[in-house]
Structures are given as structure tokens and as C-alpha cells.
1. Sort out which residues of the stretch 44-70 are in contact (Cβ under 8 Å) with a residue 60 or more places away in the chain, over 25 Å from Ser96 (Cα atoms) and open to solvent by 70 Å² or more (accessible area, probe 1.4 Å), and write them in order of number.
2. Restricting attention to the stretch 113-135, which residues are more than 21 Å from Ser147 (Cβ to Cβ) and among the basic types (Lys, Arg)?
3. Looking only at helices (runs of 4 or more DSSP H) that fall completely inside the stretch 133-217, which ones have 2 or more residues that are loosely packed, with under 13 Cβ neighbours inside 10 Å and not charged (D, E, K, R)?
4. Since Glu8 meets every condition but one in (1) open to solvent by 70 Å² or more (accessible area, probe 1.4 Å); (2) closer than 17 Å to Pro109 by Cβ; (3) not in a helix (DSSP H, G or I); (4) not aliphatic (A, V, I, L, M), which condition does it not meet?
5. Which of the residues that make up the stretch 83-132 are within 20 Å of Gly12 (Cβ to Cβ), in contact with a strand residue (DSSP E or B) (Cβ under 7 Å, 6 or more places away or on another chain) and in a loop (DSSP other than H, G, I, E, B)?
6. Output the residue which, of all residues in the stretch 71-121 that are open to solvent by 30 Å² or more (accessible area, probe 1.4 Å) and among the polar types (S, T, N, Q), is nearest to Leu192 (Cα to Cα).
Amino acid sequence: MIIAGVDEAGRGPALGPMVLSIASIEKKHEEKLVELGVKDSKLLNEKERNRQNKILPGLLYEFNSVHVKAREIDTLRNRKSLNEIEAMRIGYLLNSLKKKPDVAFVDSPDPIAKNFGKRIEKYISFKLDIRAEHKADLNYPIVSAASIIAKVERDKAIKKLSRKHGNMGSGYPHDPDTISFMYDWMKKNKTLPDFARKSWATSKRIENKIFQRKLNL
């Protein structure tokens with residue numbers, strides 16, 4: 001029996017991609033993930049996440065990720081909710097597996113967890129037992145593994161952007177470095193970068209403040 005786990009990193013940031021990852025393993029080998037120490041990526045420090053991420057490929061049956069860039073999120077949000085966008089990409093990941101799982105555990109962002117599973121069903125090409133649950137990344141080692149993969153990839157994407165454009169912090173709205181970066185970029189370039197989610201309230205607030213300031217000069 002093959003089980004799969006799906007989780008995301010970067011759903012809420014104002015900068016950078018949302019990364020969704022899938023991992024699968026034979027149920028009888030799941031204990032190996034527990035022995036490795038997998039947990040929800042938020043409960044592990046960066047060093048431990050990176051350590052586990054290097055070992056996971058040798059334990060998993062399959063794994064894959066998809067990056068949903070800021071511009072794509074903005075475009076799709078004109079007609080779809082973020083939950084729907086996430087469900088679409090999860091469907092893509094499930095369809096990409098060479099060996100289809102018997103069951104997939106998914107960390108659900110929907111207040112009614114089962115509704116998220118129904119969303120995903122629309123985008124998969126095979127019959128599958130989808131178990132969308134809250135805190136699945138805490139409760140299922142295979143989802144924890146996907147969580148780690150997604151987080152490491154998201155962090156790498158932000159570090160790559162920072163090397164090119166300067167320190168932008170974590171990309172999250174609560175991060176002062178992120179807000180400072182966005183303000184400075186907007187002042188200099190009169191628009192936000194293409195890796196900023198312009199449909200986000202944070203982005204609109206910064207644009208409005210900069211624009212309003214110019215009107216008052």
C-alpha cells in the first residue's frame with residue numbers, strides 16, 4: 001500500500017512563490033520517517049530541515065514539487081480563490097506520480113477540511129482516497145515529509161531572490177525586513193517587483209501609501 005502526503009510552504013507571504021510538495025512511501029516503510037524525526041517543518045530549525053531534506057529522497061518512493069509564482073497567483077486570483085489554486089496544483093502533483101497512491105493525506109486550508117478534498121478530486125485523473133485534514137502536517141509523517149521539502153524549496157527561492165535583489169527577509173507581511181524592502185523598491189521603481197503578490201492587501205497598502213505621499217508633495 002502506497003500513501004502520499006501533500007503540504008505547502010509560502011501560502012501567506014507577500015513576496016516569492018507558494019511551493020507545494022508531494023511525497024509518497026510504502027506504508028510499511030513509514031516508520032523510517034518517524035525514525036528520521038520528521039515533523040511539521042515549522043517545528044524544526046533550518047539546520048535540521050536541511051539535514052532531513054537531504055536524507056528524505058533515499059527513504060521516499062517518490063516526491064515532487066511545484067512553484068506557483070507571485071504573478072501566476074495574482075492572475076488566477078482574478079477568477080479563483082487561493083484554496084482553488086492550491087487544489088489545482090495538488091491535483092497536478094498527484095497526477096504526476098508514476099505510481100499512484102492508494103490514499104493521500106493533505107493538510108487542508110479550508111475551514112471545513114473535507115471540502116478541500118472535494119476540490120482536489122476535480123483535478124485528478126484517477127480514483128483516490130483523499131483525506132484532507134487540519135494539522136495533517138503534525139499528525140502524519142508523510143505529510144511532515146512533504147512539509148519539509150516544500151519549506152526548504154521555498155527558503156531556497158527566497159535566498160536566491162535576496163542574492164539578486166538584496167535582503168527581503170522572509171517575504172511574510174509580519175517581517176519588518178520584508179516591508180522595508182517593498183517600500184524601498186516601490187519608491188525607486190514606482191511599482192512592486194514581479195515576485196511580489198500585488199493582489200495582497202500588504203502590497204496594495206504600500207502602493208497606496210507611496211502614491212498618496214507623492215500626491216501630498
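1. Within the stretch 44-70, Glu46 is the sole residue that qualifies.
2. Across the stretch 113-135, the qualifying residues are Lys118, Lys122, Lys127.
3. Numbers: elements: 136-139, 141-165, 176-189, 201-216.
The helices (runs of 4 or more DSSP H) meeting that bar are 176-189, 201-216.
4. For Glu8, the exception is condition (1).
5. Listed by number, the list holds a single entry, Ser108.
6. Out of the qualifying residues, it is Thr75.
The values are calculated or read from the model by the stated rules, or taken from the named source; none is laboratory data. What you see is a predicted model; the values in this text were computed from it and never measured. Backbone-built Cβ (ideal geometry, glycine too); neighbour counts: all protein chains shown. Calculation scope for accessible area: heavy atoms of the full protein, side chains included, ligands and nucleic acids excluded. Shrake-Rupley method; radii C 1.70, N 1.55, O 1.52, S 1.80 Å.
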